[in-house]
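Here, each number is a calculation from the coordinates, and none is a lab measurement. A quick note: this is a predicted structure, and the numbers were derived from the prediction, not measured. Ideal geometry is used to build each Cβ from the backbone, glycine not excepted, and the neighbour counts take in all protein chains shown.
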Amino acid sequence: MAGGGGGGRGALREVFGDSSDSESDAASAVIPGAARGQWRWEAVAGVRGLWLCAAFLSAGEQARLLDAMQREGWFIDANNQAMRFGNLPSWALELSAHIREAICVGDVNVGVGAELSNEDDEDACPLPSDLLWREPFFDQLIANRYKPGEGICAHIDLMRFDDGIAIVSLESACVMHFSQAETRGGAASDTLKQGDSESTKVPVLLNPGSLILMSGDARYLWKHEIDRKQGKQMWDGRELEQHRRTSVTLRKLLASTD
Ligand SMILES: O=C(O)CCC(=O)C(=O)O
Ligand SMILES: [Fe+2]
């Protein structure tokens, strides 16, 4: 079934339009909408609030996204991380709108063993509607570039960021592992055996062009990590070939309290 965006579809048509926007060539070049209508969302079994859209961007869209980052000088001088707060570049705004559209019109596959934060399967949506329709959707961007062997330690994203985090993967496939941040008697721990931490790790394959969304438990109660040391990137019994990997993480800053 389609995601529960309902009346959101018309609004998004207006955002995207059908023709290219001459004022933002870079943005319209990044997201021509080739994959529109073909998105499939999967609820990751065991981690409530974690959703994967394995084929979010086409190969051409990925290349244009990387080109736009290159042209803007992201990752110059061996920098492997770049951040932007507030006004995001046009390609990131377009990417945000694209994420919203994929959530609204993509097919939703709840899958066996997947837990929903919403009790009603009929309303299964990869992101709760209050997060989906907040404005701006995202206002913080971090782009990470990893050499083969490099990854990111297990962490929960800082509390200064709101719920509802998106990560787009580019260039190289990797396995991201989710592990429970703490042992508690709550729902998140019901489905998984405790004790052996390796056994409670949930692996998610992030192919180039994929998108994950983390909200609720996935964002607050599960850590995520990418261990690209030798022997750690296993999928389907085989070790993934490693290349350079680039990721784009989109988040929303919480209003400052001071
Ligand atoms: O590179 C990634 O896919 C994850 C990045 C991440 O988790 C972060 O920057 O907080
Ligand atoms: Fe993170």
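Fewest neighbouring Cβ atoms within 10 Å first, the residues 224, 243, 155 line up as 155, 243, 224. For residue 147, a cut-off of 18 angstrom between C-alpha atoms picks up these lysines, skipping any fewer than 8 places away in its own chain: 229, 232.
In this label model, residue 207 and residue 152 are separated by 2.2 nm, measuring between points 7 Å along each Cα→Cβ vector.
Each of 159, 83 was scored by other Cβ atoms within 10 Å of its Cβ. Arranged with the fewest first, they read 159, 83. Here the 3J(HN,Hα) profile of the range 63-69, calculated from phi with Karplus coefficients 6.51, -1.76 and 1.60 at θ = phi - 60°, is 5, 5, 5, 5, 4, 4, 5 Hz, Gly and Pro shown as x. Only Cα sites of the range 55-115 enter the Debye sum here, all with the same form factor; the resulting log10 I(q)/I(0) across q = 0.16, 0.18, 0.23, 0.30 1/Å is -0.70, -0.81, -1.05, -1.32, listed in q order.
Counting other beta carbons within 10 Å of each Cβ, put 134, 71, 48, 64 in order, fewest first. Intermediate values should be presented prior to the final figure.
Values: 134 14, 71 10, 48 22, 64 19.
Least crowded to most crowded, the residues run 71, 134, 64, 48.
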